[in-house]
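The values are calculated or read from the model by the stated rules, or taken from the named source; none is laboratory data. In this text the structure is predicted, and so the values were computed from the model without any measurement. Neighbour counts are summed over all protein chains in view; Cβ atoms, including those assigned to glycine, are modelled from backbone coordinates with ideal geometry.
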């Protein structure tokens, strides 16, 4: 089975591209959804996150408030880069190992079902987490900076100026696209129309099927 990593910076369009691959027949899991399931009350990851970041990140029902957790991890806009990096690294040390184990178990199970299939893991920090070498192929989704902000603003229902600041804050903790592209087998430019992106996805999919 061909193991494929799908990554890209914030609001580049990874999920849109992932849905296109699913439509073509790929099996895909989102690391963000795995992390969300691991942060349900009662889970070991949940307990560790609450222990490190405090109960202020919780909703009244005890579930993790993702926005509050992001604020606790990324810190205020005037936080120093060192402080921000330290808190994000702290969160990643708790969450990443469990997510990676779950991803590997998922791919292993799929491989037993279909040795010639294509399994895609979609995650923002595949390269940063040091797991790129676990995949047979790596796909990086890119777009321009202003599009990131516009898409983030629409997704979070905030104004464009606030979106620009938040995107910049989060991008500062990730590798730049130029660095991600160096690790890519395929790059999908999501700066154009959806149809242009779809055509790129189809071209990559045909190559993945052959490789599988």
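One line per residue, one yes/no per condition, for (1) in a strand (DSSP E or B); (2) over 14 Å from the mean Cα position of the chain (by Cα); (3) crowded, with 17+ Cβ neighbours inside 10 Å:
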residue: 6; (1), (2), (3): yes, no, yes
residue: 17; (1), (2), (3): no, no, yes
residue: 33; (1), (2), (3): no, no, no
residue: 41; (1), (2), (3): no, yes, no
residue: 45; (1), (2), (3): no, yes, yes
### Message
Among the residues in region 160-183, are any without any contact (Cβ under 8 Å) to a residue 24 or more places away in the chain, touching a helix residue (DSSP H, G or I) at 6+ places or on another chain (Cβ under 7 Å), surrounded by fewer than 17 Cβ atoms within 10 Å (Cβ to Cβ) and within 15 Å of residue 11 (Cβ to Cβ)?
### Response
yes
### Task
Just name the residue that is surrounded by the fewest Cβ atoms within 10 Å (Cβ to Cβ) out of those in region 193-212 that are touching a helix residue (DSSP H, G or I) at 6+ places or on another chain (Cβ under 9 Å) and within 15 Å of residue 143 (Cα to Cα).
194
### Query
Limited to region 19-31, what total is found for residues that are part of a helix (DSSP H, G or I) and surrounded by 17 or more Cβ atoms within 10 Å (Cβ to Cβ)?
3
## Note on the structure
Pairs returned, first residue in region 97-121 that is free of Cβ contacts under 8 Å to residues at least 24 places away in the same chain and on the phi < 0 side of the Ramachandran plot, second residue that is part of a strand (DSSP E or B) and surrounded by fewer than 16 Cβ atoms within 10 Å (Cβ to Cβ), beta-carbon separation under 6 angstrom, 6 or more apart or interchain, are none
### Query
Assuming residue 11 fulfils every condition listed in (1) surrounded by 14 or more Cβ atoms within 10 Å (Cβ to Cβ); (2) at pLDDT 95 or above; (3) outside any helix (DSSP H, G or I) apart from one, which condition is it?
(2)
### Query
Just one of the numbered conditions (1) touching a helix residue (DSSP H, G or I) at 6+ places or on another chain (Cβ under 7 Å); (2) modelled with pLDDT under 95; (3) closer than 29 Å to residue 2 by Cα is not true of residue 90; which one?
(3)
